[in-house]
Amino acid sequence: MRADMERGRDASLRPTVIRAAVLGAIAAVIGVILGLLIHWFPAQGSTQSHKIDTFWDVLIICSVPIFVLVASTVIFSVVKFRMRPGEEELDGPPIHGNTRLEVIWTAAPATLLIALCAYAYIVLHDIEKAPAKSLGPEMHVHVIGRQFTWQFEYTGKDGKKFQTTQLYVPEGRSVRFDVTSEDVLHDFWVPAWRMKIDAVPGITTHYRITPVKTGKTKTYPVVCAELCGLGHAFMRQTAHIMPQKDFDTWFAKQSQGGGAAAGAGGAAAGGAAGGGTNVAAGKQVFAANGCSACHTLSDAGASGNVGPDLDKVLASQNEAFIKQSIVDPNAVIAKGFQKGIMPTTFASQIKAPDLDALVKYLYTVTHK
Ligand code: CUA
C-alpha cells in the first residue's frame, strides 16, 4: 500500500522534474556561453597566456553547469516541497540510502576533479619548461622588489650589470625572471603575461615567459600584487616589448653605460666629468632609483604622490637639506606626510658621486 503511494507520488513528480531538468540545461548553456563571452583578462601578452586562458575556459565549461545543477535543484526543492499550511505536524516520507545514486555522486565529481588536476599539471609543466636549445639562449632578467619600486637588472655580454626602472624584453624570446626583494614581500606581476610570483627577502623565485605583442600594444603594466606598505598601490611600472633587433641596440647601448642606466656605472662616470653633466647624471640617478614612483618633479616628468612634491618642498631648501632628506629621510618630515614611508636604504644604495649628482640635480631643477 505504502509502496503504491510512493510510486504514485513519483509518477506525479516526473513531469515537474523533467521540466526542471530542461530549464536547468538551458540555464547551464546560457551560463557557459556568458562565461566564455566575458573578457576576464587583459591582452594576451605572452605565449603562456594563451594556454592559461584556454585552461580557464575549460574550467568555465566544467564548473558552470555543475553550479547551475546544484543551484536549480536547491531552488526547485525549496519551492516544490515547501511546507504548506496544515502540514506543520507532518513528517516527510522516509528516505533510505540509495547505493546507485551515492556511487554516482561520489565517482562523477572525483573523476572530474582528477581529470582537471591532471590537465592543470600538464599546463603548468608546459608553461614552466625551459625553451628548446635550438631557439637560442634564454634571456635572464633579475627583478628586484623594493619599497616602492621595481628595479630590473641585466647582465651585459662582458658580464657587467646594469639596472633600469622600466622593463625591456625582446619579442618572441623566452625570458627568465629571477625575482628577489630587498625589504618586504612583494609580488612581481604582469597581468598580460598571466604569471606572477612573490618576491621574498632572502630567496630567489623564478618564472619564465615568452613575450608577444598584441596588435599595436607594445607595453604592458607591471604591478606589485602583494600588500607591501603605504606605497604598494604606486608600485607600478611598464614592460616594453621590443623586436629583437631594437632590443639588441638598446641592450648594447645600456651595457656601455649610456642612456638611462642605473646610477652605478654610467651616471658616476658622467658626474665626475664636470658641473654641467653632473646635473644630467643626477637626472639619471633620479630615474634609475625609481624616485618618480613616489615623488612629483616636473623636470623628470614624475607625478608620484606617495611622498612630497619635490617642486614645492625643495624650492626653499639648500643642498645640505636635500642630501639629508635622501640619506636620512626621517630627519625632517614634510607637512602632511608620515615617518617611515621613504626607504632609508638610499644612503647605502646610491654611490657617493651619484648621490652628489642627484642632490645637485634636485637643487638645480627646483631653484629656477
Ligand atoms: Cu610591493 Cu606591493
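The values are calculated or read from the model by the stated rules, or taken from the named source; none is laboratory data. Quantities reported herein were computed from a predicted structural model and do not represent experimental measurements. Positions of Cβ are backbone-derived with ideal geometry, glycine not excepted, and every protein chain shown enters the neighbour counts. When the accessible area is computed, the model is the full protein with side chains, heavy atoms only, and any ligands, DNA or RNA have been set aside. Shrake-Rupley method; radii C 1.70, N 1.55, O 1.52, S 1.80 Å.
If you count the DSSP beta bridges with both ends in the chain, what percent of them are antiparallel, to the nearest 5?
Roughly 70 percent of the DSSP beta bridges within the chain come out antiparallel.
Give me Rg/Rg_expected for the chain, where Rg uses Cα atoms only and Rg_expected = 2.2 N^0.38 Å with N residues.
Dividing the Cα Rg of the chain by 2.2 N^0.38 Å gives 1.46.
Mind giving me the nanometre distance, one decimal, between the label points for Lys312 and His39, set 7 Å out from Cα along Cα→Cβ?
So the two model labels end up 3.7 nm from each other.
Could you check how much of the accessible area of the range 311-368 is carbon and sulfur, as a whole percent, using a 1.4 Å probe? Before the final figure, lay out each step's value.
On the way: 1850 of 3360 Å².
After summing per-atom areas, the C and S share lands at 55 percent.
Could you pull the Cα extents of the range 1-151 along its three principal axes, largest to smallest, in whole Å?
Between the extreme Cα coordinates on each principal axis of the range 1-151 lie 81, 33, 31 Å.
Which residue, chosen from Gly231, Leu113, Gln284, occupies the Cα position most advanced towards the positive end of the dipole of the chain, where the dipole is computed from +1 (Lys, Arg) and -1 (Asp, Glu) charges on Cβ about the Cα centre?
So the residue furthest toward the plus end is Gln284.
Let's test the formula: R0 of 51 Å, r as the Cβ-Cβ distance of Val17 and Ile203. What FRET efficiency results, to the nearest 0.05? Don't skip to the end; give the middle numbers.
Working: r = 56 Å, r/R0 = 1.11.
In this case the efficiency is close to 0.35.
Using r as the Cβ-Cβ distance of Trp105 and Ser63, and R0 as 22 Å, what FRET efficiency do you calculate, to the nearest 0.05? Mind showing how you got there, number by number?
Numbers: r = 16 Å, r/R0 = 0.73.
That gives a FRET efficiency of 0.85.
Any number yet on Rg/Rh for the range 146-257, C-alpha, Kirkwood?
Radius of gyration over Kirkwood radius for the range 146-257 works out to 0.96.
Can you compute the modelled spin-label distance between Asp91 and Val79, with each label point 7 Å from Cα toward Cβ, in nm?
Result: 3.0 nm between the two label points.
What are the semi-axes of the equivalent ellipsoid of the range 11-75, taken as the square roots of 5 times the eigenvalues of the Cα gyration tensor, listed largest first and rounded to whole Å?
34, 9, 8
For the range 79-228, give the percent of accessible area contributed by carbon and sulfur heavy atoms, probe 1.4 Å, rounded to a whole number.
Its accessible area is 61 percent carbon and sulfur atoms.
Could you work out, for the range 87-201, what percent of all Cα-Cα pairs fall into each 5 Å distance bin, beginning at 0 Å and stopping at the bin that holds the largest distance?
Per 5 Å bin, starting at 0, the Cα pair percentages come out as 2, 8, 12, 14, 12, 10, 7, 5, 5, 5, 5, 5, 4, 3, 2, 1, 0, 0.
Counting other Cβ atoms within 10 Å of each Cβ, which chymotrypsin sites (Phe, Trp or Tyr not before Pro) in the range 34-97 have at most 15 and sit in a DSSP loop?
Details: sites: Trp40, Phe55, Trp56, Phe67, Phe76, Phe81; in loops: Trp40, Phe81.
Those satisfying the criteria are Trp40, Phe81.
How charged is the neighbourhood of Thr47? Take every other residue with its Cβ under 15 Å from the Cβ of Thr47, and add Lys/Arg as +1 and Asp/Glu as -1.
+2
With +1 on each Lys and Arg Cβ and -1 on each Asp and Glu Cβ, and nothing else charged, work out how big the dipole of the chain is about its Cα centre, in Debye to the nearest 20.
760
Round to the nearest 10 and give me the degree value, 0 to 90, for the angle of helix 244-255's Cα axis relative to the longest principal axis of the chain.
The angle comes out at about 40 degrees.
Using modelled backbone amide H atoms (1.01 Å from N, in-plane), which distant-in-sequence or interchain residues come within less than 5 Å of Ser181's amide H?
Excluding prolines and chain starts, which carry no amide H, the hits are Gly145, Val200, Gly202, Ile203.
Order Lys360, Lys129 by their accessible area, 1.4 angstrom probe, all chains in place, largest first.
From most exposed to least exposed: Lys129, Lys360.
Taking GluC sites (Glu not before Pro) that fall in a DSSP loop and have at most 14 other Cβ atoms within 10 Å as cut points, what is the longest piece of the chain between them?
Here the longest run is 139-368.
For the charge dipole of the chain, defined by +1 on Lys and Arg C-beta atoms and -1 on Asp and Glu C-beta atoms about the Cα centroid, which residue among Thr219, Ala28, Gly304 has the Cα displaced farthest towards the positive pole?
The residue sitting farthest along the positive end of the dipole is Thr219.
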